[in-house]
Amino acid sequence: MWYADNFLASEYEKSRNQGQDPLRQADDRKVYLREVLAQSIGTFEMQENHTPVLLEEIDCGTYIRKRVELSATPGLTFPAYILVPKGFEKRKLPGVIAVHGHGYGSRQILGMHPDGSWDEGQPGIYGNFAIELVHRGMVVIAPDVVGFGERRLQSDLKEDPNAPSSCYTMAAQLLMVGKTLTGLRVQEAICTLEYFSGLDEVDPEHIGIMGFSGGSLIAFIASVLDERLRATVLAGFPNTFKESILAVHHCLCNYTPGILNHAELPELISLIAPRPLFLESGADDPIFPKEGFIKAIEEIQAAYTIIGKPDHLATDLFPGAHEISGRLSYDWMYDKLTE
């Protein structure tokens with residue numbers, strides 16, 4: 001046949017069969033998959049000598065907002081906002097890393113316009129979720145993800161000042177040197193955790209991470225690779241590869257070379273177990289469809305049940321599209337980090 005639809009379906013099935021190893025014990029497979037995931041996203045040189053720089057500090061009424069400059073790899077820095085709730089000065093608080101996805105950067109989850117001015121309108125699909133978390137009594141850090149907003153490439157902006165992101169350019173170039181944009185973003189997230197855990201206001205034993213859409217891709221891998229993250233919320237992302245990024249047009253930054261030769265997305269997310277995990281998705285999400293979300297939940301729930309921690313997984317399929325809900329997940333995060 002001239003058309004490759006059936007061919008691609010066959011390649012998917014071959015990869016799934018190849019990824020199963022009946023002789024490998026469950027614990028061995030988890031170790032193996034963590035190693036595979038780390039290798040698949042690529043490694044970058046670690047920054048050793050950067051001193052964080054305080055860029056601003058503003059009283060926002062119920063919380064203090066700071067902005068700092070960090071670095072995870074030589075030659076590249078990134079800003080991050082820190083929100084500290086007021087009235088808790090005498091004790092350390094649980095902390096959450098809030099990771100945005102496609103959009104104009106961390107300001108989009110902090111109730112700001114791209115230029116940093118306050119957005120007085122209704123929250124968009126991100127629901128200002130960093131503010132929702134700080135209002136529940138948690139310190140929040142929101143790093144700017146490379147490729148968005150102020151971190152778009154100058155070359156992309158020269159060609160199009162309104163370029164929505166630099167994902168394609170960065171992902172394509174990094175693939176050519178055997179690395180991935182996801183790998184760089186995860187390294188910056190883990191660098192953020194390293195800095196955040198050392199803050200006077202933060203209890204380093206009670207730190208979680210919450211991501212939306214592409215931010216959930218970063219959050220899930222960071223959580224798999226670093227067990228200091230004690231609770232994880234993934235919104236607008238949990239699914240299967242087959243029903244989401246293989247079935248619907250997605251940004252190039254969502255694809256990890258060769259990963260399907262080892263595992264499908266639900267099994268990879270299950271590597272977070274036994275730590276608490278919350279999965280939420282809109283029932284009408286067009287790019288991470290409900291059918292894939294339900295399949296993923298079934299497999300992940302089975303993984304938590306097998307290890308005797310079924311109550312460490314919580315889910316919410318809410319009425320909505322590709323957006324943050326938070327109707328259950330915000331309070332869940334606080335509860336898990338204060339247990």
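The values are calculated or read from the model by the stated rules, or taken from the named source; none is laboratory data. This one's a predicted model, so the numbers in the text were calculated from it and none came from an experiment. Note: ideal-geometry Cβ built from the backbone for every residue, glycine included; neighbour counts use all protein chains shown. Each accessible area value is taken on the protein alone, full model and side chains, heavy atoms only, with ligands, DNA and RNA left out. Shrake-Rupley method; radii C 1.70, N 1.55, O 1.52, S 1.80 Å.
Summary of values
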quantity	calculated
Accessible area in square angstrom per residue, the range 160-227, 1.4 angstrom probe	36
Dipole in debye (nearest 20) - the chain, about Cα centre, beta carbon charges: Lys, Arg +1; Asp, Glu -1	340
Translational diffusion coefficient (Stokes-Einstein; Kirkwood radius from C-alpha pairs) of the chain at 20 °C, 1.002 mPa s, in µm²/s	105
Mean separation of Cα contacts under 8 Å, 6 or more apart, over the residue count of the range 30-176: relative contact order %	19
Percent carbon-and-sulfur accessible area, the range 4-337, ignoring ligands, DNA and RNA, probe 1.4 Å	53
Sum of -39500 (n - 2.57) over DSSP H runs of 4+, divided by residues of the chain (222 nm, nearest 500)	-10000 deg cm²/dmol
Lys/Arg +1, Asp/Glu -1 at C-beta; the range 99-164 dipole; positive extreme among Leu157, Gly111, Met138	Met138
The range 195-339 pair-distance distribution - Cα-Cα, 5 Å bins, rounded %	2, 10, 20, 24, 21, 13, 7, 3, 0, 0
0 to 90° range, to nearest 10: angle between helix 5-19 axis and the chain longest Cα axis	80
